[in-house]
1. State whether one or more residues within segment 203-210 are farther than 18 Å from Leu135 by Cβ, within 16 Å of ligand 2 (Cβ to nearest atom), in a helix (DSSP H, G or I) and open to solvent by less than 10 Å² (accessible area, probe 1.4 Å).
2. Testing Asp165 on (1) in contact with a Cys (Cβ under 8 Å, 6 or more places away or on another chain); (2) more than 16 Å from ligand 1 (Cβ to nearest atom), one condition comes back false. Which one is that?
3. Could you identify the single residue in Tyr254, Tyr250 that is aromatic (Phe, Trp, Tyr) and closer than 17 Å to Ala200 by Cβ?
4. Name the pairs: first residue in segment 113-132 and under 12 Å from Val413 (Cα atoms), second residue among the acidic types (Asp, Glu) and part of a helix (DSSP H, G or I), Cβ to Cβ under 8 Å, at least 6 apart or on different chains?
5. Can you go through Val270, Val265 and tell me which one is modelled with pLDDT of 95 or more and either away from ligand 2 (no atom under 14 Å from the Cβ) or assigned to a loop (DSSP other than H, G, I, E, B) (or both)?
6. Any idea how many residues of segment 70-100 are part of a loop (DSSP other than H, G, I, E, B) and within 16 Å of ligand 1 (Cβ to nearest atom)?
7. Please go through segment 147-192 and give me each residue that is open to solvent by 50 Å² or more (accessible area, probe 1.4 Å) and among the aliphatic types (A, V, I, L, M), ordered by number.
8. Looking at segment 249-261, I want the residues that are over 14 Å from Ile228 (Cβ atoms) and have a partner that is open to solvent by less than 40 Å² (accessible area, probe 1.4 Å) and not in a helix (DSSP H, G or I) with Cβ atoms under 6 Å, at least 6 apart or on another chain. Which pairs are those?
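The values are calculated or read from the model by the stated rules, or taken from the named source; none is laboratory data. Here the structure is a predicted model, which is why all the values come from computation and not from measurement. Here the Cβ positions follow ideal geometry from the backbone for every residue, glycine too, while neighbour counts run over all protein chains shown. For the accessible areas, the whole protein counts, side chains as well, though only heavy atoms, and no ligand, DNA or RNA atoms are used. Shrake-Rupley method; radii C 1.70, N 1.55, O 1.52, S 1.80 Å.
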Amino acid sequence: METTSGHPAFRVFRFSLLNPTSFTSFTWIPDGALVVNSEGSIAYSGCWADLPREYHAVPVEEYENCVALPGFIDLHVHLPQFHARGKFGKDLLSWLHHVIFPIEATFADPGVARRVARSFFASLAAHGTTTAMVLASVHEEATEIAFEEARRSRLRVILGKINMDMDCPENLRESTTESLAATERLIKNWHGATDKLRYAVTPRYALSCSEDLLRGCADLAGRYGTYIQTHINENLEEIKKVRERFHTSYAELYHRTGLLGKSTVLAHNVHPEEAEIDLLKRTDTAVAHCPDANLFLGSGKFNIEKHLDRGIRFGLGTDVGAGTSLSMLRTMRAMAYVQGRSLHPAGPLYTATRGGAVALGLEKTIGSLNPGACADFVVLDFATMEGDLRGLSADDAAAAIVYKADPHAVLKVYAGGEHVYSRDDQRRAGDQRIIDE
Ligand code: GUN
Ligand code: FE
């Protein structure tokens, strides 16, 4: 079966399927089939034994002892901090000023911006991440380059340059006007430039922005229909300074400047007041939970129940470089560990996939293996975690992924049905660096 363009009309895969459906549930099909059409969408997913007759003649790509999951969605990650992972900083503010700002300043050099962006997106794919919401540096040219590399990677990327007009080193500080003008040019060039690229207006956090800049950012996002991403309630010292400067809570500041809403994703929210939770609920604002970063900087423990009970949409972010790894496998485990108790694996698996899709308003397109969704999926090699998959219960298979899988479990990654990473090709080429270079 071929289309007129010469592409096969359908591709058929055989492996186990794990499809997260809620924070407490997933479907598990030990002997599953996935059919991808020529548009890169899922045409069938279900039991191998029930594969519709029309696909029986298609050659099968078989993955023995492997599980397919929806591609991971990293809901909060800093591209220019890729090489800043694991560098010691006492707490958020000291780490930002002494470790992060000097590294981000190197993105004034387009050569650095190109090199890091290329390895960053290659590494995202190598970790099974097929969608990411990404913060760039403050530099317009480096952000242009980041978008070019995002397009080249074939991943789905929501990206924005950081806006900062105060409380940062001279070489990173922008005037309010120039910050907004550069942002508008980038939006015009890149928001919706391809099916997979979107702009996110990115005021860094309250302390690096004047109130005028926050309002200007909200205005641009509203006029162009972009996403908004920023940080909230990460660290107690930070929160105290926000209150001193703006005489209100973090969420109320974002609300009065127009930044909250259904296309906004706020990272962390580790220390919210009740009234702030109410505000996020009322405005339908989403949250990116970044457990590895919260452990690394000692910021605190995210209250999962509070967000679940109020129906606040949240997904999972690595928050590299406060997060130490681009691996969503490791980040799922950190999500359990930061709670100080074991979590049923359904929760982290959902948060890393469908939860992120819901937070982005893209649940019809990504975050599941449902028919009609984009064929973004990751194939995990069970030999690296549990030995033999046969006979495992659904819960044991899911728990092995959350609690035992390491980055080398990622065998193949597909984005829109296109193959974007193969562990074995990488090994054959003798290139081990791509995962954690
Ligand atoms: N708050 C403001 N900027 C940052 C950042 O780069 N990383 C983290 N973790 N928090 C922030
Ligand atoms: Fe962050």
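1. The first filter runs over segment 203-210 and keeps only residues farther than 18 Å from Leu135 by Cβ, leaving 210.
After this cut, where a residue has to be within 16 Å of ligand 2 (Cβ to nearest atom) as well, the list is none.
The answer is no, given that none of the residues of segment 203-210 is farther than 18 Å from Leu135 by Cβ, within 16 Å of ligand 2 (Cβ to nearest atom), in a helix (DSSP H, G or I) and open to solvent by less than 10 Å² (accessible area, probe 1.4 Å).
2. Answer for Asp165: the failing condition is (2).
3. Values: Tyr250 fails: closer than 17 Å to Ala200 by Cβ.
Going through Tyr254, Tyr250 in turn, just one is aromatic (Phe, Trp, Tyr) and closer than 17 Å to Ala200 by Cβ: Tyr254.
4. Ser123/Asp436
5. Values: Val265 fails: either away from ligand 2 (no atom under 14 Å from the Cβ) or assigned to a loop (DSSP other than H, G, I, E, B) (or both).
Being modelled with pLDDT of 95 or more and either away from ligand 2 (no atom under 14 Å from the Cβ) or assigned to a loop (DSSP other than H, G, I, E, B) (or both) holds for just one of Val270, Val265, which is Val270.
6. The initial filter retains those residues of segment 70-100 that are part of a loop (DSSP other than H, G, I, E, B), namely 71, 85-91.
Adding the requirement that they be within 16 Å of ligand 1 (Cβ to nearest atom) leaves 85-91.
Residues meeting the conditions: 7.
7. Matches in segment 147-192: Met166 only.
8. So the pair list comes out as Tyr250/Ile232; Tyr250/Asn233.
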